[in-house]
Amino acid sequence: MAGMLQMRRSRGAFSGFLLILLGAWGALIPFIGPYFHFAFTPDTAWTYNTARLWLEILPGAAVFLGGFFLLVATGRHIALFGAMLAAAAGAWFVLGTVLSPLWSTGSMSPGTPVGSTTLIRVMEQIGFFSGLGVVVVLVAAAAAGRIASVASGIAPVGAHARTAPVTETVPVQTRRTVDTTDDTVDDAADTEQTEVIR
């Protein structure tokens with residue numbers, strides 16, 4: 001059974017690396033974005049509030065952790081758990097700002113984009129929440145599909161028998177002989193002999 005759950009580490013390595021980067025971006029951008037005038041209110045660097053915890057830090061940490069699991073996993077169950085964790089966190093990036101008013105009145109608002117133009121405000125919304133979440137879900141789903149399509153088990157090194165290269169061929173000759181001693185014998189008495197010619 002353990003052999004069925006094994007997979008090559010390279011199956012999830014690239015997706016895991018991308019998810020680690022995306023998770024770090026999602027968790028850190030609310031704190032370092034104000035340095036680049038890319039922020040939501042409050043637009044001061046390293047300012048913490050509850051909305052940032054629930055809508056950015058925790059989902060970013062979950063994506064980071066899911067990517068780490070994908071990066072280091074040698075078992076399908078761990079890698080699939082990492083992919084599903086990252087996909088759920090990516091969905092939370094997209095839906096968290098929409099659903100947060102259901103359980104909180106104003107304290108869970110992510111703030112408003114501080115960009116000076118409409119284009120920058122749209123890019124902030126995409127870069128902080130919706131676009132980031134969609135990309136995370138896409139990468140996590142691709143990783144889950146790749147992991148789920150792994151053939152059961154990994155054959156140990158040397159398990160496949162290698163055929164030796166043919167170094168010399170031996171010619172053979174087939175002779176057909178007919179038994180002529182009895183005239184009542186039909187063609188069934190014909191025999192074939194194969195012999196090696198030297």
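Just a few scattered comments:
- Residue within the range 106-127 that is in contact with an Asp or Glu (Cβ under 9 Å, 6 or more places away or on another chain) and modelled with pLDDT of 95 or more present: no
- Residues that are crowded, with 19+ Cβ neighbours inside 10 Å and of a type outside the set (A, V, I, L, M) within the range 39-51 comprise just one, F40.
- All conditions in (1) in a loop (DSSP other than H, G, I, E, B); (2) in contact (Cβ under 8 Å) with a residue 40 or more places away in the chain; (3) at negative phi hold for S104, with the sole exception of (2).
- Residues of the range 1-16 satisfying the condition of being in contact with a Gly (Cβ under 7 Å, 6 or more places away or on another chain) and modelled with pLDDT of 90 or more: G16
- The range 14-38, residues that are surrounded by fewer than 17 Cβ atoms within 10 Å (Cβ to Cβ) and free of Cβ contacts under 8 Å to residues at least 60 places away in the same chain: F14, F17, L21, A24, L28, I32, Y35, F36
- Residue under evaluation F128, criteria (1) loosely packed, with under 14 Cβ neighbours inside 10 Å; (2) touching a residue at least 12 places away in the same chain (Cβ under 8 Å), criterion not met: (1)
- Test: residue in the range 62-83 that is within 27 Å of A148 (Cβ to Cβ), of a type in the set (V, I, T), at pLDDT 95 or above and touching a helix residue (DSSP H, G or I) at 6+ places or on another chain (Cβ under 8 Å): yes
- Test: residue in the range 62-81 that is touching a residue at least 60 places away in the same chain (Cβ under 8 Å), closer than 14 Å to G127 by Cβ and surrounded by fewer than 22 Cβ atoms within 10 Å (Cβ to Cβ): no
The values are calculated or read from the model by the stated rules, or taken from the named source; none is laboratory data. No experiment lies behind these values; they were computed from the predicted model shown. Using ideal geometry, Cβ is built from the backbone for each residue, glycine included, and neighbour counts are taken over all protein chains shown.
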